[in-house]
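One structure below.
The values are calculated or read from the model by the stated rules, or taken from the named source; none is laboratory data. Values in this document were obtained by computation on a predicted structure and should not be read as measured data. Neighbour counts are summed over all protein chains in view; Cβ atoms, including those assigned to glycine, are modelled from backbone coordinates with ideal geometry. For accessibility, only protein heavy atoms count, side chains too; no ligands or nucleic acids. Shrake-Rupley method; radii C 1.70, N 1.55, O 1.52, S 1.80 Å.
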Amino acid sequence: MWLSEEDIVYKRALNFEKPFINAPGSLGFCPDPHSMPFLSHFGAFLTNPISWRPRHPARDRAFLPFPGGYLLHTGLPNPGINRAIRQFSRCWANAPLPIIVHLLAEAPETLAEMVRKLENLENVMAVELGIPPNCDPAQLEAFTSAATGELPVILALSPEQVPTLHQTIQDLQPSAIHLCQPRGTLPDVQGVPLTGRLYGPAIFPTMLHMLEKEYSLDIPLIINGGVFHKWQADALIKAGARAVALGTVLWGAQVETLFPENVS
């Protein structure tokens, strides 16, 4: 392992008062209680991904449906960390729930700078690192070390990344793992293969299987993917998830069906 006594990464505590958050990329950069009445059931609000510099939408961005869901490829457009702080820090400070800022891990040096800019902002609860698809163990250690400071660090990983990085994650002991939707590939309208995140109810069995059969890390887990009904969230929590992240279901769900009265 690459850790030395001088570079030990300590786990920071992360506690959710309520077992739901939103998935990254699902609700924008700042919570709006007027258009998001379900926020009262959330333990935290997770921002859209933010990078060091502004990013424009991908030229080949696409929404590709398949039975039971869809593939989404966007390029993760965002204003960059400096503009995001100028635009949203006041909203974050006044939000009715804690904020987790999702940062794209592009280089350890820029990641460290982004985290330092967030550490003194009011009501920012933690940072979540969006880990690149081909990240190897040494890179994961470098990203995690760069992000370690005053705020808890959450690693956002897709199911296919966990087996390769399992031992490194165990050694690093981040505050939590956010197991996000898997990646997949579909042909676009011209027949060109396009890779992106998979969304929709069809991926729920994969995520539950991953949690029950494959996830063996002694680290708190946030999990999302395919949750459209309360029984699915209950199954994930029963299997050991600390929190459940909700995505596209929030765009059209009736609050009373998604959050029955006994969920508060």
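Tabulated values for the structure
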read-out	value
Antiparallel bridge percentage (DSSP; both residues within the stretch 38-149; nearest 5)	40 percent
Cα-Cα P(r), the stretch 115-264, percent of pairs per 10 Å interval	10, 35, 34, 18, 2
Neighbour cut-off at most 12 other Cβ (10 Å), DSSP loop, GluC sites (Glu not before Pro), the stretch 75-114	none
For the chain: span of alpha carbons on each principal axis (Å, largest first)	49, 44, 38
Surface accessible to a 1.4 Å probe, ASP171 within the full protein complex, Å²	60 Å²
Viscosity 1.002 mPa s, temperature 20 °C, Stokes-Einstein D of the stretch 186-226 from Kirkwood C-alpha radius, µm²/s	174 µm²/s
Count of lysine pairs in the chain with Cα separation under 19 Å (8 or more residues apart, or interchain)	4
Cleavage-rule hits (GluC sites (Glu not before Pro)) in the stretch 125-156: DSSP loop, at most 12 neighbouring Cβ within 10 angstrom	GLU150
Rounded to 5, the percent of DSSP beta bridges in the chain classed as antiparallel	35 percent
DSSP bridge orientation in the stretch 112-264 - percent antiparallel, rounded to nearest 5	25 percent
Unpaired by the 4.7 Å Cβ criterion, cysteines found in the chain	CYS135, CYS180
